[in-house]
Amino acid sequence: GCGKKADKAGETQRVFFEELKDGAKVTSPVKVCIGVENLVVEPAGKELKPGHGHHHILVDTPVPNELATAIPKDAQHIHMGDGSSCHEVTLDAGHHTLALLFADSNHVPYSPAISASIKVEVVAEKAK
């Protein structure tokens, strides 16, 4: 390299689970907090700007191969269009896969996908 600092576009853009670890045993609802690197989180519906957008949590469903279409809104695709970084996800007991997918203000994922995925196991609440 020539020692010049890369512009933002050249830096790794990523999302990650802040507290949850892969394989964690959790109780429901699961608080999912999402960290970002070189991205700006803002509410949906704003002007399209590169590197800006909002989070989605995909529950037990793979990140789509088709990244040119808006993410559906249903029980398995949680939209955080208010620009939040934490969301409580209610899950049944058992094993679940949680995936993060960052998308632009029109809910269209970036390509290549800015995503992260972990598996968690929801265990029954302990009786108080």
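Taking the stretch 90-117 on its own, how many of its residues are among the charged types (D, E, K, R) and touching a Gly at 6+ places or on another chain (Cβ under 6 Å)?
1
Under 17 Å from ALA116 (Cβ atoms), surrounded by 13 or more Cβ atoms within 10 Å (Cβ to Cβ), at pLDDT 95 or above and in contact with a helix residue (DSSP H, G or I) (Cβ under 8 Å, 6 or more places away or on another chain): which single residue out of GLY51, GLY35 fits that description?
GLY51
Just for the stretch 78-119: of the residues that are of a type in the set (A, V, I, L, M, F, W, C) and assigned to a loop (DSSP other than H, G, I, E, B), which one is most open to solvent (accessible area, probe 1.4 Å)?
Among residues in the stretch 78-119 that are of a type in the set (A, V, I, L, M, F, W, C) and assigned to a loop (DSSP other than H, G, I, E, B), the one most open to solvent (accessible area, probe 1.4 Å) is ALA93.
The values are calculated or read from the model by the stated rules, or taken from the named source; none is laboratory data. The structure displayed is predicted, hence computed values, not measured ones. Here Cβ is always computed from backbone atoms with ideal geometry, including for glycine, and neighbour counts include all displayed protein chains. Each accessible area value is taken on the protein alone, full model and side chains, heavy atoms only, with ligands, DNA and RNA left out. Shrake-Rupley method; radii C 1.70, N 1.55, O 1.52, S 1.80 Å.
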